[in-house]
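Okay, so here's the structure we're looking at.
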Amino acid sequence: MPSPSVRVPRSVWRSESASAGMTGGQRTIPEETAIAFTFNTASYAVMMATPQDLEDFAVGFALTEGVVSSADAIDTVETVFEETGIELRVWLKAKDAAEFLGRRRKIAGPTGCGLCGVESLNEAMRPPPAVGEGRILTPEEIMTAVSSLAAHQELNRETRAVHAAGFWEPTRGLIAVREDVGRHNALDKLAGASVRNGGDAAQGVVVLTSRVSVEMVQKSAMIGAPVIVAVSAPTALAVRMAETCGMTLAAIARKDGFEVFTHPHRIVGASKSDVA
């Protein structure tokens with residue numbers, strides 16, 4: 001398995017340096033690898049991603065992209081290392097493979113591309129499934145979920161260059177965290193880890209270190225998550241999509257609070273006046 005990070009030489013200039021000129025040294029930076037997804041030998045997508053938690057990535061990607069409706073449809077996942085990248089060979093069970101091959105698609109995407117395998121505008125903008133009611137949460141629980149994520153961002157502490165997605169439950173705390181150079185990839189890996197470990201996204205909060213783009217809402221809805229909390233702002237389309245599927249979207253989370261953009265009824269004390 002390739003390392004998710006590498007040490008590289010670099011020169012440093014600081015304005016407050018006691019001596020003039022550059023200083024040398026090394027920095028740890030994240031690896032970025034071409035990762036190809038195939039389903040029963042049919043090519044589907046090529047993503048640029050961090051080469052770790054690859055089986056989680058395969059399972060989560062298949063779910064959030066709608067290739068399968070349940071992880072039970074996946075028979076096995078093979079990881080094949082090649083000179084130019086990594087191939088994740090996902091083998092679907094016979095019935096599911098037949099359904100997939102009937103709508104075979106192929107696309108290549110840049111880092112963290114969240115609209116893989118999409119061929120039309122209507123398909124890209126298709127509303128995700130409605131989410132369930134989930135839990136009622138207090139503002140303190142939302143803040144606890146956000147603050148708990150940083151301590152588990154091991155790769156970001158080394159590189160300062162990757163996103164994280166975590167899943168937090170009131171009774172269990174932070175139960176899974178995944179990191180990647182692409183924010184969509186981190187969420188896919190989290191989805192895969194949660195499903196493989198028997199988690200239930202309806203019982204907690206998806207926590208993100210990135211902005212909330214529409215794909216993040218779509219992917220979270222595909223695994224049944226009723227609440228997203230992010231440290232950055234959402235896009236307008238993400239807000240509209242969250243409103244449509246019934247998801248609570250809280251963002252711009254800081255040490256002193258957060259903003260609620262959609263369906264505030266799941267957060268105690270939130271009201272329409274809190275909705276941006």
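The values are calculated or read from the model by the stated rules, or taken from the named source; none is laboratory data. Predicted model only: the values in this text are computed from it and were never measured. We place every Cβ from the backbone using ideal geometry, glycine too, and count neighbours over all the protein chains shown.
Just a few scattered comments:
- Residue check for Thr33: farther than 30 Å from Pro127 by Cβ, hydroxyl-bearing (Ser, Thr, Tyr) and surrounded by 12 or more Cβ atoms within 10 Å (Cβ to Cβ): yes
- Screening Ala73 on (1) free of Cβ contacts under 8 Å to residues at least 60 places away in the same chain; (2) surrounded by fewer than 17 Cβ atoms within 10 Å (Cβ to Cβ); (3) hydrophobic (A, V, I, L, M, F, W, C) shows it passes everything except condition (2).
- Cross-chain or 6+ apart pairs with Cβ under 7 Å, the range 26-39 first and in contact (Cβ under 8 Å) with a residue 40 or more places away in the chain and more than 29 Å from Trp13 (Cα to Cα), then of a type in the set (Ser, Thr, Tyr) and buried (at least 18 other Cβ atoms within 10 Å of the Cβ): Phe37/Tyr44; Thr38/Tyr44
- The one condition from (1) under 24 Å from the mean Cα position of the chain (by Cα); (2) modelled with pLDDT under 95; (3) surrounded by 11 or more Cβ atoms within 10 Å (Cβ to Cβ) that Ala98 does not meet is (1).
- Condition met for Asp56 (modelled with pLDDT of 95 or more, within 21 Å of the chain's Cα centre (by Cα), under 26 Å from Ala221 (Cβ atoms) and not aromatic (Phe, Trp, Tyr)): yes
- Any chance Leu174 is more than 22 Å from Met125 (Cα to Cα), surrounded by fewer than 23 Cβ atoms within 10 Å (Cβ to Cβ) and touching a strand residue (DSSP E or B) at 6+ places or on another chain (Cβ under 6 Å): yes
The rows are residues; the columns are (1) more than 22 Å from the chain's Cα centre (by Cα); (2) in the same structural domain as Asn185 (by TED's automatic domain parsing); (3) more than 26 Å from Gly198 (Cα to Cα).
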residue: Ser43; (1), (2), (3): no, no, yes
residue: Val67; (1), (2), (3): no, no, no
residue: Ala71; (1), (2), (3): no, no, no
residue: Trp91; (1), (2), (3): yes, no, no
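- Set Val131, Val77: member being within 30 Å of Thr171 (Cα to Cα), at pLDDT 95 or above and not polar (S, T, N, Q): Val131
- When we screen Gly85, Gly60, Gly66, Gly25 for residues that are on the phi > 0 side of the Ramachandran plot and either of a type in the set (Ser, Thr, Tyr) or in contact with a helix residue (DSSP H, G or I) (Cβ under 9 Å, 6 or more places away or on another chain) (or both), the only hit is Gly66.
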